[in-house]
Amino acid sequence: MSISDLDIHPRIIGSLQKARFQSFEAILSLSSADIERATGLSTGDVSILKQAVAESVPKPPVVTALELLKGSDSVVPIRKLSTGCPIIDKHLKGGILSRGITEISGESASGKTQLCLQLCLTVQLPLEHGGLGGGAVYVCTEDVFPNKRLHQVIQHFTRKWSPPRLQQDLTNLGDNIFVEHVAEHESLMFCVHKKIPILLAKGMVKLVVIDSVAALFRCEYGQGETVKRAKHMASFAAHLHKLGHQYNIPIVCVNQVSANLSSNSSQNPVLPALGLSWSNQIMCRLMLRRTRQKVVLPVQPVHGGRENIECAVRMLEVMFAPHLPPGACAFVVDHQGVSGLE
Amino acid sequence: MPAPRSLGTFPISPAMKAKLTSAGFLTVSDLQDLKPSELSKELGVSAEAALEVIKTVFQEDPGGSGSRRSSTMKSVTALEMLQVERSLPNIFTFSEKLDDILGGGVPLAKITEFCGAPGIGKTQVCMQLGIDVQIPECFGGLDGETVYVDTEGSFIVERLVDIASATVEHCNNIAQMDGSDDVKEAASNFSLEKLLSGIHYFRCHDYIELLSTVHILPKFLSENKKVKLVIVDSIAFHFRHDFDDMSLRTRLLTSMAQSFIRLATEHKLAVVLTNQMTTKMGGGAAGGSHLIPALGESWGHASTIRVVLYWEGNNRYALLYKSPSKKEAVVPFQITMGGIRDVHSEGTTQSVHETGENPSKRQRVS
């Protein structure tokens, strides 16, 4: 919709075009007195104009919270992506939200990549089983994508989700995971602004994973460039938000940790990296860590037989989320993937 | 006799003022007894525009005798203002201590800002207030409705249902204990569905949508007269990126602040805004950095009351950072399944205490 489509007197539209106002943004950004000066319109005309422009800016219609709960035609329902384990799902009240950015942070080898791989598989399940019926985009900024591990997990996943549990066999799970390697800021921006929207527009992708945000934003910026870094992070996050709400998909970002310098022993020894300017952009923060405990689990390898293996117990903690109470859930990473412990 | 008022002091558009001055009309007495058609000929403007000018400058004599008197701003005495302010109820938060430092709760006809780091509970406070304003008058509430403008997408209905259910239960308990018929009737009408349908939810995905929503709010409020609370969660989110022109940002924020003040005073409703925190380098006690509310110094003037929510260890605290009537104070609070509540400590009698040093300034960057 443009200025000439507004439902106001043509005389006002004429004055706007003469004064070279071309967008709604330009009109709303100026005060009434500025518009009067630029166009020569009267106060009454300008207030009619602003009201018409405000009503024409496309935005979601107002709904009541009851309509949000019960669902209605004008409400886009929030979807939850299952993590593949019912215990962890219960802890997260359904799974990863298709709203905002969910951050998974933790020390190295705490299980972040494993959890993300699992999400790339569960997203391909149909809606009624906790998936979103689409593929995933996996943006790697650190190590090479763990292809071998993915295929190991796929084998077990396909076995677990074969008929009669599902309508039909899951095939080509690996084909629906689009992997992008980016090494610096520019290629990340190109990927997020150009490549990913194409996949999203085709409906092929229902999950975006960035592994990790920290790698890029931590090393490329020098000591005195914190403002520039904050600006880039904010606009990167804003673009991810835009993609997320446009296609109603979850966005997962993996973050590293840094040492907690405030010397309070009761607090966490590590904090998620990238500081306050990044935490202000995310909606949910999950932290993974290893514990010293180990647990012995019986497993059934693909080739048959039974074995007992020893796994390290890890914790998945909800640091903050608008709908979850803070709390932790224990889990292990075995050859099947990520599974919670009671 | 006092000197006649200059035309430049009236709210007329700058273009019109220029025309009036060049035509020789400088004061109110110059326009006396001039017909609109004559004025339009003198100035070279349309008859409607000339009529608008005359209407702005003069106020028709209510007696209808046709003589004009110069319009004056209506003035009220401070006593009248005090009585009006005292009669306006506050929206309580369910945390008695937090209500105390605010002077009874979030006040009507004013802007209250809640600032804090992510995860501290700003959205929870907003949801709690959005429910509390709807509590019937016999339970101490305002029986009003809420407009919730969500810019971040953090409004999750399931969480609201938790808070609303706890409030319904609370009122039912009071009704049980009270026993009188009208209280019981009010409690039976106060259901979860009613609470949820009393929150009008606007979602804004960028600053243009937010600006346009604020523009259409006056019309919405005149159609929904029961609204007594307008929440914007958060005001900072869309203004902290992609703004190369900082003066534009300040202008937009200031004009939004003015719109909110107008909404608050004209409709006698409370405006609650949430803000993020940002790091300020240097200036702290150890020369390190400390946290301050985002959006800059100029935004600091927008809100009447400012509350900073922060962590100290594993506990949440609320600091009354700015208030025209109450002094700076800190109270602990917690977030339970049912919403915002007081912290009940077993050992020490924790009450509102004043602080010398601002505790939020000791907090390290997270």
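Quick notes on this structure:
- Exclusive hit being under 22 Å from A:VAL313 (Cβ atoms), surrounded by 17 or more Cβ atoms within 10 Å (Cβ to Cβ) and within 14 Å of chain B (Cβ to nearest Cβ), set A:LEU117, A:LEU97, A:LEU92: A:LEU92
- Residue-level check: of (1) more than 9 Å from chain A (Cβ to nearest Cβ); (2) among the basic types (Lys, Arg); (3) surrounded by 14 or more Cβ atoms within 10 Å (Cβ to Cβ); (4) farther than 30 Å from A:SER262 by Cα, B:ARG251 misses just (1).
- Comparison of A:ALA238, A:ALA234 shows that the only residue that is at the interface with another protein chain (Cβ under 10 Å from one of its Cβ atoms), at pLDDT below 95, touching a Lys or Arg at 6+ places or on another chain (Cβ under 7 Å) and over 21 Å from A:SER110 (Cβ atoms) is A:ALA234.
- Residue match in the range B:164-176 (condition: assigned to a loop (DSSP other than H, G, I, E, B), more than 18 Å from B:SER323 (Cβ to Cβ), modelled with pLDDT under 90 and more than 14 Å from every other protein chain (Cβ to nearest Cβ)): no
- Only a single item in (1) of a type in the set (Gly, Ala, Ser); (2) surrounded by fewer than 16 Cβ atoms within 10 Å (Cβ to Cβ); (3) closer than 20 Å to A:GLN124 by Cα is not met by A:GLY244, and it is number (2).
- Every condition in (1) part of a strand (DSSP E or B); (2) at pLDDT 90 or above holds for B:LEU129 except the one numbered (1).
- Residue that is farthest from the chain's Cα centre (by Cα) [pool: residues in the range B:197-212 that are more than 7 Å from every other protein chain (Cβ to nearest Cβ) and under 23 Å from A:SER47 (Cβ atoms)]: B:TYR207
- Within the range A:62-89, the set of residues being more than 13 Å from chain B (Cβ to nearest Cβ) and in a loop (DSSP other than H, G, I, E, B) comprises A:ASP73, A:SER82, A:THR83, A:GLY84, A:CYS85.
- Residues being part of a helix (DSSP H, G or I), small (Gly, Ala, Ser) and crowded, with 20+ Cβ neighbours inside 10 Å are entirely absent from the range A:20-37.
- Looking across the range B:165-187, the residues that are surrounded by 15 or more Cβ atoms within 10 Å (Cβ to Cβ) and farther than 12 Å from B:PHE139 by Cα come down to B:SER165, B:ALA166.
- Summed over the range B:292-321, the residues that are charged (D, E, K, R) and surrounded by fewer than 18 Cβ atoms within 10 Å (Cβ to Cβ) give a count of 2.
- Applying the condition of being within 12 Å of chain B (Cβ to nearest Cβ) and assigned to a helix (DSSP H, G or I) to the range A:209-231 and asking which residue is surrounded by the fewest Cβ atoms within 10 Å (Cβ to Cβ) yields A:VAL227.
- Among the residues of the range B:262-290, those that are in contact with a Ser or Thr (Cβ under 7 Å, 6 or more places away or on another chain), within 14 Å of another protein chain (Cβ to nearest Cβ) and modelled with pLDDT of 90 or more comprise B:THR274, B:ASN275, B:GLN276.
- Any hit, the range B:155-164, residues being surrounded by fewer than 23 Cβ atoms within 10 Å (Cβ to Cβ), over 30 Å from A:LYS59 (Cβ atoms), out of contact with any Cys (no Cβ under 8 Å at 6 or more places or on another chain) and among the basic types (Lys, Arg): no
- For the range A:155-190, residues that are crowded, with 18+ Cβ neighbours inside 10 Å and either free of Cβ contacts under 8 Å to residues at least 24 places away in the same chain or closer than 19 Å to A:HIS239 by Cβ (or both) total 3.
- Candidates in the range A:321-336 are the residues that are crowded, with 21+ Cβ neighbours inside 10 Å and under 21 Å from the mean Cα position of the chain (by Cα); of these, the one that is farthest from the other protein chains (Cβ to nearest Cβ) is A:ALA321.
- Checking each residue in the range B:177-209 for being assigned to a helix (DSSP H, G or I), among the hydrophobic types (A, V, I, L, M, F, W, C) and in contact (Cβ under 8 Å) with a residue 12 or more places away in the chain picks out B:VAL183, B:ALA186, B:ALA187, B:LEU192, B:LEU195, B:LEU196.
- Those residues of the range A:232-260 which are touching a residue at least 60 places away in the same chain (Cβ under 8 Å) and either over 23 Å from A:GLY133 (Cβ atoms) or part of a loop (DSSP other than H, G, I, E, B) (or both), in sequence order: A:ALA237, A:ASN248, A:ILE249, A:PRO250, A:VAL254, A:ASN255, A:GLN256, A:VAL257
- Flag if A:ASP45 is in contact with a helix residue (DSSP H, G or I) (Cβ under 7 Å, 6 or more places away or on another chain), charged (D, E, K, R) and more than 9 Å from every other protein chain (Cβ to nearest Cβ): yes
- Options B:SER37, B:SER22, B:SER46; residue that is at pLDDT below 85 and more than 14 Å from chain A (Cβ to nearest Cβ): B:SER37
The values are calculated or read from the model by the stated rules, or taken from the named source; none is laboratory data. Please read these numbers as outputs of a predicted model, since none were measured by experiment. Cβ atoms come from the backbone with ideal geometry, glycine included; neighbour counts cover every protein chain shown.
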